[in-house]
Amino acid sequence: MSNEPINHHYLPQFYLKGFSELKRSSYRVYSYDKEHERKVIKKSVKNICCEKHRYTVSLDGVNDYFIEKSYSELEGIMSEVFRAKKDFVKLKLIEKKRTYWLWDRRKFIKCPEVISLDDILKIPFYGRIFNYFLSVLYWRSTVHDEYFLTKSNKSFISSSIKKVVSGFSSDKEFSSSFGFKNTEELDCLVESVDSNTSKDSIAKIHNSLIYPLHGLFKNRAKTHELSLVYIADLNVVSSDFPFFTNESCVNLENDFLFAMSSKLIFVNVDRKKRINIEDFSDWTFKLSMLYYLQSKRYVFSNDKELLENVIKFANVRYGSTGINELKKELLSYFV
């Protein structure tokens, strides 16, 4: 029996674990499946946000699993980067509590906080690597399948690969630091677009591994500030598309929200704006509703009652046509 990976996650398991409960060595979430059960069920993170052979490609008539294996290696690095951000938040929260007087109640209770990540982004190339990780998570989402289905023709793929090659070639210092010493493999992929290689396989390779590389060439924008919002005793629901942006992509040059875990939410906004969240409970509940409404299939949480309330209220208050109204309400917190 083959030991090759067959069940391929489009949302990494390390991400799903951030919204789960650990019991008996198993990470489980309360999940709502829009396509099948249509009710909140407790499931293992191994069994949601995945498809069989999603990233399997056929090369010379033989199934190849290098895309899924590449993702597995990348996710190991990504999980460490996100864990480092969590540790950074913990450190900042401890430092802040040390400034309070002994009998100040804020020293003993959990309070929501907005923590700037400016210090981390000062590390050379860190912003660009973070952009890449965001790009990978964003474009892997199944909500973009239709976009790639209509776009992934020979011209689009060739042009995209050439832009990546040009980006690496024009920035030798970054390419060397990133470990990208030559573009031969990318050049070969351009040639293979005109070969007998399956068009479906070429599209999978490009959409999964090449297209997200465009994020590497987005610099950290001085006009924007990246922060992590710690929501303390509250929880946020996530989904198979855990982003909120009005742009066509997600990077540090654009406004966006991204729930990193049930307690931590990335907020990237223009420095001219101010994060003005007075009611964190209302804000996180609205963000949870947005994630539910814009999801393609899965919504999940470590809080069953919260997830059920989010689904019920979102359907009654906004329905399938109220997403833009909800987005406007969320944007009102940044003025």
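The values are calculated or read from the model by the stated rules, or taken from the named source; none is laboratory data. What you see is a predicted model, and the numbers here were worked out from it, not measured in a lab. Positions of Cβ are generated from backbone atoms using ideal geometry, with glycine treated the same way; all protein chains shown enter the neighbour counts. Please note that ligands, DNA and RNA were not included when accessible areas were found on the heavy atoms of the full protein model with its side chains. Shrake-Rupley method; radii C 1.70, N 1.55, O 1.52, S 1.80 Å.
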Note to self: Starting from 0.36 nm per residue, how many nanometres of slack lie between Glu173 and Leu59 once their C-alpha separation is accounted for?
What the structure shows: 37.7 nm
Next item on the list: From the C-alpha gyration tensor of segment 102-165, pull out the three semi-axes of the equivalent ellipsoid (sqrt of 5λ each), sorted largest to smallest, in whole Å.
Entry: 42, 18, 5
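Rounded to a whole number, what % of the accessible area of segment 203-300 do carbon and sulfur atoms account for, probe 1.4 Å? Each step should come with its number before you reach the end.
On the way: 1420 of 3220 Å².
Solvent-exposed carbon and sulfur of segment 203-300 make up 44 percent of the total.
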Next item on the list: Mind jotting down the distance between the C-alpha centroids of segment 1-52 and segment 213-279, whole Å?
Entry: 24 Å
Note to self: What distance in nm lies between label points placed 7 Å from Cα along the C-beta direction at Ser166 and Asp282?
What the structure shows: 4.7 nm
Check: Normalised by the residues of the chain, what does the relative contact order come to in percent, with Cα pairs under 8 Å and at least six apart?
Finding: 21 percent
Check: What are the ³J(HN,Hα) values, in whole Hz, obtained from phi via the Karplus relation 6.51 cos²θ - 1.76 cosθ + 1.60 with θ = phi - 60°, for each residue of segment 54-66 in sequence order, with x given for Gly and Pro?
Finding: 4, 10, 6, 10, 9, 10, 6, x, 10, 5, 10, 10, 5
Check: With the Cα gyration tensor of segment 201-335 giving a ≥ b ≥ c as the square roots of its eigenvalues, does the rule (a/c under 1.5 for rounded; else a/b larger than b/c for prolate; else oblate) give rounded, prolate or oblate?
Finding: oblate
Note to self: Give me, ordered by chain and number, the residues 5 or more places off Ser238 or on other chains with an amide H under 5 Å from its own placed amide H.
What the structure shows: Phe300
Notebook entry, point to check: When the chain is fully extended, how far beyond the present Cα-Cα distance does Lys46 get from Phe66, taking 0.36 nm per residue of separation?
Noted result: 5.2 nm
Margin query: Per residue, how large is the accessible surface of the chain? Use a 1.4 angstrom probe and give square angstrom.
Written below: 52 Å²
Note to self: Using square roots of five times the C-alpha gyration tensor eigenvalues, list the equivalent-ellipsoid semi-axes of segment 64-149 in whole Å, biggest first.
What the structure shows: 37, 15, 13
Margin query: Give the aspartates and glutamates reachable from Lys172 as a straight Cα distance under 19 Å; neighbours fewer than 8 places away on the same chain don't count.
Written below: Glu184, Glu185, Asp187
Next item on the list: Can you check how the C-alpha radius of gyration of the chain compares to 2.2 N^0.38 Å, as a plain ratio?
Entry: 1.04
Next item on the list: Work out how much length Lys151 to Lys97 would gain on full extension: take 0.36 nm times their residue separation and subtract the Cα-Cα distance, in nm to one decimal.
Entry: 14.3 nm
Note to self: Under 8 Å for C-alpha pairs, at least 6 residues apart: give me the relative contact order for segment 229-335, rounded to a whole percent.
What the structure shows: 32 percent
Note to self: Which entries of Lys34/Lys90; Lys204/Lys286; Lys52/Lys296; Lys92/Lys273 have Cα-Cα distances beyond 29 Å here?
What the structure shows: Lys34/Lys90; Lys204/Lys286
Check: What ³J(HN,Hα) values, in whole Hz, does the Karplus curve 6.51 cos²θ - 1.76 cosθ + 1.60 give for segment 71-76 when θ = phi - 60°, with x put for Gly and Pro?
Finding: 4, 4, 5, 5, 5, x
